Protein chains: 4
Amino acid sequence: MPPGHVAVNVRAASLNMHDVWTLRGVGIRAEQFPMILGMDGAGVTDDGREVVIHAVIPSPGWRGDETLDPRRSMLTESYQGTFADRVVVPEANVLPKPAALSFSEAACMGTAWLTAYRMLFVKSGLRPGQTMLVQGASGGVPTALVQLGRAAGLQVWVTGRSEAKRALALELGAHAAFESGARLPDRVDGVFDSVGRQTWSHSLRALKPGGVLVTCGATTGDATAGELQRVFFCSCASWVRPWARAANWPTC
Amino acid sequence: MPPGHVAVNVRAASLNMHDVWTLRGVGIRAEQFPMILGMDGAGVTDDGREVVIHAVIPSPGWRGDETLDPRRSMLTESYQGTFADRVVVPEANVLPKPAALSFSEAACMGTAWLTAYRMLFVKSGLRPGQTMLVQGASGGVPTALVQLGRAAGLQVWVTGRSEAKRALALELGAHAAFESGARLPDRVDGVFDSVGRQTWSHSLRALKPGGVLVTCGATTGDATAGELQRVFFCSCASWVRPWARAANWPTC
Amino acid sequence: MPPGHVAVNVRAASLNMHDVWTLRGVGIRAEQFPMILGMDGAGVTDDGREVVIHAVIPSPGWRGDETLDPRRSMLTESYQGTFADRVVVPEANVLPKPAALSFSEAACMGTAWLTAYRMLFVKSGLRPGQTMLVQGASGGVPTALVQLGRAAGLQVWVTGRSEAKRALALELGAHAAFESGARLPDRVDGVFDSVGRQTWSHSLRALKPGGVLVTCGATTGDATAGELQRVFFCSCASWVRPWARAANWPTC
Amino acid sequence: MPPGHVAVNVRAASLNMHDVWTLRGVGIRAEQFPMILGMDGAGVTDDGREVVIHAVIPSPGWRGDETLDPRRSMLTESYQGTFADRVVVPEANVLPKPAALSFSEAACMGTAWLTAYRMLFVKSGLRPGQTMLVQGASGGVPTALVQLGRAAGLQVWVTGRSEAKRALALELGAHAAFESGARLPDRVDGVFDSVGRQTWSHSLRALKPGGVLVTCGATTGDATAGELQRVFFCSCASWVRPWARAANWPTC
């Protein structure tokens, strides 16, 4: 085990869209195989600490925000992933598991929830009492956004393509759910769009003057014609489902 | 004259791209004519004050940033413009002309320079010592950006389509000038793009991770396929050449 | 009635510490009398609109944040107050009463709650999940802070001088209540101090590195020796119980 | 040499007030001796790189801003200092020396200049064209502030206790120099105070409504009665001459 690293005996791991992209061969090169998938997980260290794993690993000597390190890595990129009995990561990449969370719950608190947290609480600048629109009702980032937004005192609206998805969002705390592309009762203070092509136009039309649109990728493809992936890339350093970078790049 | 208004005897006025768009019939409806053009100007009030005119006029009772007022107006939209002997504006829309500026100079300090100021000093978050790229070397906003950036201690790079334009930028203070679309020596901290379709892709590729792209419109058309005008619109409340709204919408 | 003004038939008004100070002769000069007290209230306009009154009134022509206007006024300073059947204010100083609030509730949403709102959501930069300490458990600003912080997903700690005050804070949503000056279980991310002399030292000791202290005045006197009132003054433009200005002055 | 560390052959070192405090026994305990003084320096690594040394060293595994690490160290605290032929620091604490700077110049770019840089460009929020007041005209932080402020397009005013000090400030680029405590021609947008007791009151009186006061310590003692050192401490994690923490704590 390299110095400064720790082994975690995995008790639970969770699946991200990023893993599916990797399976499809996106964002990985042949010479990186064999690669164990799984970015997120929770478990127990050999000395008995219950921990959650953080998937983003800066290069040696990097200081500051690791998501801005051009040479940063992630589990399943150069480090082996969490779909295993044991996973080895730098000591700084394990954090104490909150006692109130089960291992399964904690294993879901990684990529999707951190992305949602950063979009909402670091990037958007929204305040309690304002209205946020979440495009998509059932994905990892959208469901995290709904729950975080509700807990933070925001008015939460979602769009979903099916009644089942919209019902899920309402159950998770959304105040209102609309069909995708629906005309909304009012303009909103912020939009959170991880969908891309299918929703981008609707997202922009939904905003008040001075509103904020925060994106973290485009699961349905680029919004228009190939450039917006670069928007995401340059501010996110990742092509799909990144670590919650927003359209407001300044403090990325 | 309406209460709270003041008449200015115009000594100098300046021409904006906005006026050209208006002449082409963009952003104005037939029932608004006759309309005197000219958004910017400087002159003398009847009581002898030397003043500069500010072109953005909020609706009655509006408080806060007037550029976010959905019902705000501008000279040449509902108010008659500055290409006239006298122009009448609300008292709050005249400001003392700095003694160091001639009337001609002061008349240029409006739309283009305020846009550039806001892009650079309010929206970008760039700091002295960082590198900024200005797309375009000879327009109103780009030439203002070059001069403001140089005066503020930034490293200023520009792109220009002709040698004459690039020479102008260097004369105005740019540290380096490149052909449009050229590969740059290094990635930059911020890009200022008022060009749109022709430069958008280059702008995004030029940024460091965490860099900022600030846009104020798209003089060559939408970057990709019609949506980015909405980006500008929603954050700018104006279709072309707005009051310096940035890609970082949160505080627009 | 001056142009641009509106009369409100008062249905409910609320009492602020500011009124008590005025009664004691603080912050008012003899030539301002007679003066009806009462900064906050709610009522009905002659044309039937149910409204809440906003107490801060900028000088004519002022644009931007009215609390930074050096010539701004407030109800009970140059405008007559709300402890009356009718009160006349600029049209921009009445806002629609939310239907969910009674007149009595709405009449309390003014000075104290706006101060608390601004301290917490505009100035502090705290995020959901962080811990805030409120010095004082029963005053107008502290009780508003407790309720706003709880609704916004923060961990809320308060200090109170008596068991009854601490019980009130817990009832309003505080997660924990401590005796004034007590050693806390952990350092906090932010402290909200409207008390001054009696709590200032404790407030500073309670903070994590990088934590934030937000103050809006000093009901028990200056923290140390007369200077901190200036801190408040320069950032608040008011001597006591101001409009929620924080120790972080930059964006005041 | 510990892993991840590098030895620098010192070519130049500079003296900070911090070293003088250490000599006086302030901020250091007997068991830390022997301790070589000197926080700042520049030199050449064994493999021939010309480097500047950064004095703040986070604890192992710390991520993010090292000045907020409660267990961070500095040269002369647990690491031996630069007043030596060779100094050993973590690899991340050496940065390439800019070719345009001599070793002597580069050796001065550490503590004082980084403090000034952070006060002005990270904490103050001031913009080019605004007016800043620097309390003190000849110390390390004040002289750096004057030069940085001038290069960044600000209007720079200083106060100094002697004509010689004021002449130095003017020579370094200040637009105006005043006697300590003098009434200024106008209120300023920001004040930079590293003096403390002797200037604090004047600093607060000098500010416009909404202005910002940034402090990094108190070389003449606490402003009032012992508490303000805590202000500095909690936001600076250092008792004297810290790494430029401001009165605006939120993002410290």
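The values are calculated or read from the model by the stated rules, or taken from the named source; none is laboratory data. What you are looking at is a predicted structure, and each value in this text was computed from that prediction instead of being measured. Methodologically, a virtual Cβ is constructed for each residue, glycine included, from the backbone with ideal geometry; neighbour enumeration extends over all protein chains shown. Keep in mind that these areas ignore ligands, DNA and RNA; they rest on the heavy atoms of the full protein, side chains included. Shrake-Rupley method; radii C 1.70, N 1.55, O 1.52, S 1.80 Å.
Just a few scattered comments:
- Counting only strands (runs of 3 or more DSSP E) that sit wholly inside the stretch C:1-102, those with at least 2 residues that are more than 30 Å from B:V6 (Cα to Cα) and polar (S, T, N, Q) are C:5-14.
- Filter result for B:R24 (within 14 Å of chain C (Cβ to nearest Cβ) and exposed (fewer than 13 other Cβ atoms within 10 Å of the Cβ)): no
- Residue within the stretch A:140-153 that is within 26 Å of B:G210 (Cα to Cα) and within 14 Å of chain B (Cβ to nearest Cβ) present: no
- Positions within the stretch D:135-152 being small (G, A, S) and surrounded by 21 or more Cβ atoms within 10 Å (Cβ to Cβ), in sequence order: D:G136, D:A137, D:G140, D:A144, D:G149, D:A152
- The conditions of being modelled with pLDDT of 85 or more, under 30 Å from B:I57 (Cβ atoms) and more than 10 Å from chain A (Cβ to nearest Cβ) are not met by B:F178.
- Residue in the stretch B:230-249 that is more than 16 Å from B:T143 (Cβ to Cβ), more than 14 Å from chain A (Cβ to nearest Cβ) and either touching a helix residue (DSSP H, G or I) at 6+ places or on another chain (Cβ under 6 Å) or at pLDDT 55 or above (or both) present: yes
- Qualifying positions in the stretch B:84-102 - crowded, with 18+ Cβ neighbours inside 10 Å and of a type outside the set (A, V, I, L, M): B:P90, B:N93, B:K97
- Checklist (1) aromatic (F, W, Y); (2) away from chain B (no Cβ under 11 Å); (3) open to solvent by 50 Å² or more (accessible area, probe 1.4 Å) applied to C:W62, failing item: (2)
- So A:R71, is it more than 20 Å from A:L15 (Cβ to Cβ), within 14 Å of chain B (Cβ to nearest Cβ) and either touching a Phe, Trp or Tyr at 6+ places or on another chain (Cβ under 7 Å) or crowded, with 18+ Cβ neighbours inside 10 Å (or both): no
- Among all residues of the stretch D:77-92, there is at least one that is touching a Phe, Trp or Tyr at 6+ places or on another chain (Cβ under 8 Å) and either within 14 Å of chain A (Cβ to nearest Cβ) or at positive phi (or both).
- Those residues of the stretch A:160-194 which are charged (D, E, K, R) and either assigned to a loop (DSSP other than H, G, I, E, B) or open to solvent by 10 Å² or more (accessible area, probe 1.4 Å) (or both), in sequence order: A:R161, A:E163, A:K165, A:R166, A:E171, A:E179, A:R183, A:D186, A:R187, A:D189
- The residue of the stretch D:133-159 that is nearest to the chain's Cα centre (by Cα), among those that are more than 18 Å from D:C108 (Cβ to Cβ) and assigned to a strand (DSSP E or B), is D:Q135.
- Residue list for the stretch B:116-134, filter: touching a Pro at 6+ places or on another chain (Cβ under 7 Å) and either modelled with pLDDT under 95 or open to solvent by 10 Å² or more (accessible area, probe 1.4 Å) (or both): B:F121, B:S124, B:G125
- Checking D:A174 against (1) over 30 Å from C:R118 (Cα atoms); (2) free of Cβ contacts under 8 Å to residues at least 40 places away in the same chain, the condition it does not meet: (2)
- A search for C-beta distances below 7 Å between a residue of the stretch C:200-211 that is facing another protein chain (nearest Cβ under 7 Å) and any residue that is part of a strand (DSSP E or B) and modelled with pLDDT under 80, counting only pairs 6+ apart in sequence or on different chains, returns C:L204/C:L213; C:L207/C:L213.
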